[in-house]
Each structure stands twice: as C-alpha cells, then as structure tokens.
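Report on the following structure.
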Amino acid sequence: MSLDIDKIILHSLRPGHDGQPHADTRSQTLPADEAVQGLMAELHRIYNGKGGKGFGFFADPEAAVAELTDGEEAPKQPSPAFRIALEQLLGEQTDFVPFSVAMTQLLVKNLVDHALDEQGVLLFAKYNYVGVDYLMLALLEGKESVTVSEALELRHIQYLDIGKLNLVARIDLTEWKTQPDSRRYITFSKGRVGRKLGDFFMDLLGAREGMDAKVQNKGLLQAVDDYCDSRQLEPAERNDYKKQVFKYCTEQASAGEEIEIKELSAELPGEGDLDFYSFIGQEYELEDRFPADRSTLRGLTKFVGSGGGLTLSFEQKLLNSRVFYDPQTDTLTIRGVPPNLKDQLLRQS
C-alpha cells in the first residue's frame with residue numbers, strides 16, 4: 001500500500017467531573033514507525049470500505065446570504081474556523097501540533113453544543129495515498145481484553161477498536177485544491193446516532209452537505225430500469241443485465257472503490273450508439289463517480305419490502321414463475337415455500 005504519512009498526532013477525550021467531555025493533548029507528533037504505518041493503513045482501508053458516509057464541502061457564508069430572497073430570514077451560518085485554520089496549516093502559517101490542539105478544543109466545544117457524550121483517542125493525520133493528500137480526524141474507542149503472557153498467565157490489556165469508526169471525517173485536500181467547485185471533498189461517518197452526528201460534523205467543519213450517495217444509487221437503479229425498457233429487453237435479458245450491473249457495483253464496494261459510470265458502461269452490452277453512458281446523458285443527474293450503497297443496490301436483483309410486521313424478499317427472476325402478484329386483490333402467491341420456513345409453519349399449525 002502506497003501510503004505516506006506526513007504528520008500524525010494523538011490526543012484524548014475523557015469525561016470531566018462536570019460530566020462534559022474534556023481533552024488531554026499531546027505536545028509532539030508521533031514518529032511514522034511500523035506501528036503507526038500499520039494503524040494508518042488499516043484506518044484508511046476500513047474507512048474507504050465504510051458505507052453510509054456523508055459528503056460535503058466548505059460553506060461560503062457570503063454566497064449563502066446572496067441566495068436569499070427579499071424578506072427571507074438568513075439561516076445560521078456555519079463557522080469558518082476549521083477551514084481558516086486548515087488554510088493556515090497548508091499555507092505553513094501554523095504548525096501541525098498547535099493546529100491539532102486548537103481543532104481538538106473546537107471539537108470538544110461542538111460535542112458539548114450537540115450534547116454528544118464521546119470519549120477515546122482522537123487522531124489527526126495528514127497523509128498521502130497514491131498521489132492524493134488527505135487530512136483525517138478520527139475518534140478511536142478504547143477496549144479492554146485479555147491476553148496470555150509468556151508465563152501462561154492472563155493479563156488485561158487495553159487496545160484501540162478501529163473497526164467501528166463511529167466518529168471520523170476526512171478531507172481530500174487534493175480535490176479541494178484542484179476542484180474548488182466540488183461538493184464532495186469532505187466525507188464523514190453518519191454513525192450510530194444518524195442525523196445528529198451529521199449535524200455535528202457540519203458545524204465542526206463549517207460545511208454543507210453535498211452529494212447524497214443513496215440518492216445517486218437510487219438514480220442509477222432508475223436509469224438501469226429505463227435503459228432496459230428502451231431496449232425492450234425480455235424478462236430474462238433484463239435480469240441478466242441487472243445482474244451485471246449488480247456484480248460490478250458490489251465488486252467496487254468490496255474493493256473500497258466507487259462506482260464509475262463510464263467504467264460500468266464499458267462492461268455492459270450496448271447497441272450501436274445507445275450504450276448505457278450515452279443513454280444517461282444529463283437527464284439523470286448522476287455524478288461521474290459515487291460510492292456504492294449496498295442496501296439500495298439490492299433493488300437490482302431483489303424485490304424487498306416490509307411493513308405491518310411482515311418482511312418479504314425474493315429474487316426478481318422468481319416473479320411470475322414461483323411468485324405471483326394479483327394487483328386486483330393485492331395478494332402474493334408463493335409456490336414452493338423455502339424448506340426452513342415450511343418446517344416452522346408445519347410445526348406451528
């Protein structure tokens with residue numbers, strides 16, 4: 001893995017006597033030794049493959065005010081503190097350590113403002129991966145476990161649980177510099193508390209939400225359906241086409257890569273000039289690339305629905321062969337009940 005660490009430092013967050021989070025800060029960066037290299041390589045890999053990330057960009061308060069119509073009340077404007085501090089860091093007007101300390105204090109303030117009770121080891125890292133510069137900040141949770149010593153005795157140890165990454169954000173510094181109009185160079189985890197954590201990152205970074213990955217995936221599914229309709233594909237051909245799309249998208253997700261529309265189109269069969277990429281054009285407002293959303297992509301090969309205590313999921317190819325829907329009576333008929341379900345039903349009856 002071609003990952004080069006420029007600067008990395010750890011601070012910590014702990015609950016204070018007042019019940020609020022407090023920070024303990026370090027005064028020096030860490031050496032990029034083998035342990036640090038291994039940690040960053042694993043963090044980068046896990047974060048790339050993490051689903052459900054939010055995307056954003058640094059807000060321009062002046063532009064937001066200019067867009068207001070007469071009589072419209074100005075909304076609360078995001079603070080530019082993080083962006084200004086980052087610009088000073090990149091412009092070598094400040095060093096990495098005081099930058100990280102100041103941003104740690106800003107993070108603590110925002111945690112209090114959003115009533116988030118978080119603690120752990122706070123990591124700031126500026127690094128390069130295959131020619132792209134990143135700044136990552138992540139709160140890593142500490143866990144306790146048991147190990148066996150050389151004397152075959154049990155000992156308690158503390159370790160960092162980097163698999164969860166509930167609170168993490170990353171800025172693509174290269175994209176921010178080279179594509180200032182981009183709306184996706186900031187990514188962040190939405191975490192276990194959903195919208196609340198998203199709001200926290202927007203306030204902390206002084207950002208606005210940009211690309212919605214789930215909307216992009218839904219748009220892709222609609223485009224695939226419409227393309228199959230335009231080619232008047234038979235049911236079997238339609239299923240095969242969708243399977244190819246699903247295979248490409250899930251392979252990209254497993255590799256921690258994004259869906260590339262041009263690349264996807266090149267792998268799909270087309271007729272003359274009517275390839276998938278040409279068909280999409282500007283009508284579907286799809287980005288050239290976006291992350292795969294596995295839950296949405298299931299709609300390429302399965303019918304899924306739930307409500308009123310009932311959850312159903314079946315392969316689309318089974319419709320009108322083993323599963324039949326009557327819209328007049330709003331009834332599904334299933335022929336050939338799965339053996340494990342059948343066994344439960346027989347035992348209950």
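A few notes on this one:
- Selection count, the stretch 260-282, where residues are without any contact (Cβ under 8 Å) to a residue 40 or more places away in the chain and either out of contact with any Asp or Glu (no Cβ under 9 Å at 6 or more places or on another chain) or not assigned by TED's automatic domain parsing to the domain that holds Leu220 (or both): 11
- Output for the stretch 190-213, where each listed residue is part of a loop (DSSP other than H, G, I, E, B), modelled with pLDDT under 85, surrounded by fewer than 19 Cβ atoms within 10 Å (Cβ to Cβ) and of a type in the set (Gly, Ala, Ser): Gly194
- Hits in the stretch 8-40 (condition: surrounded by fewer than 16 Cβ atoms within 10 Å (Cβ to Cβ) and among the hydrophobic types (A, V, I, L, M, F, W, C)): Ala35
- The requirement of being surrounded by fewer than 20 Cβ atoms within 10 Å (Cβ to Cβ), in the same structural domain as Asp18 (by TED's automatic domain parsing), under 26 Å from Leu173 (Cα atoms) and not aliphatic (A, V, I, L, M) is satisfied by Phe96.
- Matching option when the condition is within 17 Å of the chain's Cα centre (by Cα) and among the charged types (D, E, K, R), among Lys242, Lys262, Lys214: Lys214
- From the options Asn128, Asn110, residue that is farther than 27 Å from Asp33 by Cα and in the same structural domain as Phe58 (by TED's automatic domain parsing): Asn110
- Restricting attention to the stretch 39-60 and to residues that are closer than 23 Å to Asp199 by Cα and charged (D, E, K, R), the residue that is modelled with the lowest pLDDT turns out to be Asp60.
- If you filter the stretch 165-189 down to residues that are of a type outside the set (Ser, Thr, Tyr) and surrounded by fewer than 17 Cβ atoms within 10 Å (Cβ to Cβ), you find that the one that is nearest to Glu118 (Cα to Cα) is Arg183.
- Among residues of the stretch 308-333, those that are closer than 23 Å to Ala253 by Cβ and touching a residue at least 24 places away in the same chain (Cβ under 8 Å), counted: 2
- The condition (being touching a residue at least 60 places away in the same chain (Cβ under 8 Å), closer than 20 Å to Asn239 by Cβ and not polar (S, T, N, Q)) is satisfied by just one residue among Gly336, Gly299, Gly305: Gly299.
- With respect to (1) of a type outside the set (Lys, Arg); (2) closer than 21 Å to Ser182 by Cβ; (3) at pLDDT below 80; (4) not in a helix (DSSP H, G or I), the lone exception for Ala63 is condition (4).
- Residues of the stretch 130-164 satisfying the condition of being among the hydroxyl-bearing types (Ser, Thr, Tyr) and surrounded by fewer than 17 Cβ atoms within 10 Å (Cβ to Cβ): Ser145, Thr147, Ser149, Tyr159
- Residue list for the stretch 178-189, filter: at pLDDT 85 or above and either within 15 Å of the chain's Cα centre (by Cα) or not in a loop (DSSP other than H, G, I, E, B) (or both): Thr178, Arg183, Arg184, Tyr185, Ile186, Thr187, Phe188
The values are calculated or read from the model by the stated rules, or taken from the named source; none is laboratory data. Treat the numbers as computed from the prediction; the structure is a model and nothing was measured. Backbone-built Cβ (ideal geometry, glycine too); neighbour counts: all protein chains shown.
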